[in-house]
Amino acid sequence: MTISTSTIRRSVAVGLVAVTMPAIAAAGPLQVTSSVMVEHRAAAADGTTHVALAKATKVAPGDRVIFVTTYTNTGKQPIADLVLADPIPASIAYRAPNPGSPAPEVSVDGRTYGTLATLRVALPAGGARAATADDVTAVRWRLSDALAPGAHGERAFRAILK
């Protein structure tokens, strides 16, 4: 089965807009884009492996993908208390933050966020178990500093298509 990444991007973009709307309304324009990328690895002449990111056009179960969220303050005022959130589509399994990107807070229920090690999943028969990466349903990043006018940034996480 092959899935178009436009469906995945659409799901992620809806979550980003919903979470950042209070910041947009209160502080000014915020441009947010979400991309689904894949790694292309190639052997270099010196024996090393060259890794390049490319936009994913079609992915299949088992493919590793990288969700990249970029943001820019296009307004004239700083945006404070900015939270970027990505719901994770059911067809995607979260794996880890992308190298170079801060680790996000994760959620297994869309309401409670924290590190994966602190989260629990309720069991149908009662009780709970430790959450795993496969249980993650959403990620978010809280920007600790106000985003200055014209400033931009990027956050990313790795996942795999179920």
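Those strands (runs of 3 or more DSSP E) of the stretch 40-108 in which at least 2 residues are of a type in the set (G, A, S), considering only elements entirely within it, cover 49-55, 92-97. Checking each residue in the stretch 84-102 for being open to solvent by less than 40 Å² (accessible area, probe 1.4 Å) and under 14 Å from V65 (Cα atoms) picks out I88, P89, S91, I92, A93, Y94, A96, N98. Residues in the stretch 126-156 that are assigned to a strand (DSSP E or B) and open to solvent by less than 20 Å² (accessible area, probe 1.4 Å): A138, V139, W141, L147, G153, A156. Condition test on A26, is it modelled with pLDDT under 50, open to solvent by 50 Å² or more (accessible area, probe 1.4 Å) and closer than 19 Å to R155 by Cβ? So A26 does not fit the description; no. Count of the stretch 103-119 residues, restricted to those that are open to solvent by 70 Å² or more (accessible area, probe 1.4 Å) and either touching a residue at least 12 places away in the same chain (Cβ under 8 Å) or hydrophobic (A, V, I, L, M, F, W, C) (or both), is 3.
The values are calculated or read from the model by the stated rules, or taken from the named source; none is laboratory data. Quantities reported herein were computed from a predicted structural model and do not represent experimental measurements. Using ideal geometry, Cβ is built from the backbone for each residue, glycine included, and neighbour counts are taken over all protein chains shown. Side chains are part of the model used for accessible areas, which takes the heavy atoms of the whole protein and leaves out ligands, DNA and RNA. Shrake-Rupley method; radii C 1.70, N 1.55, O 1.52, S 1.80 Å.
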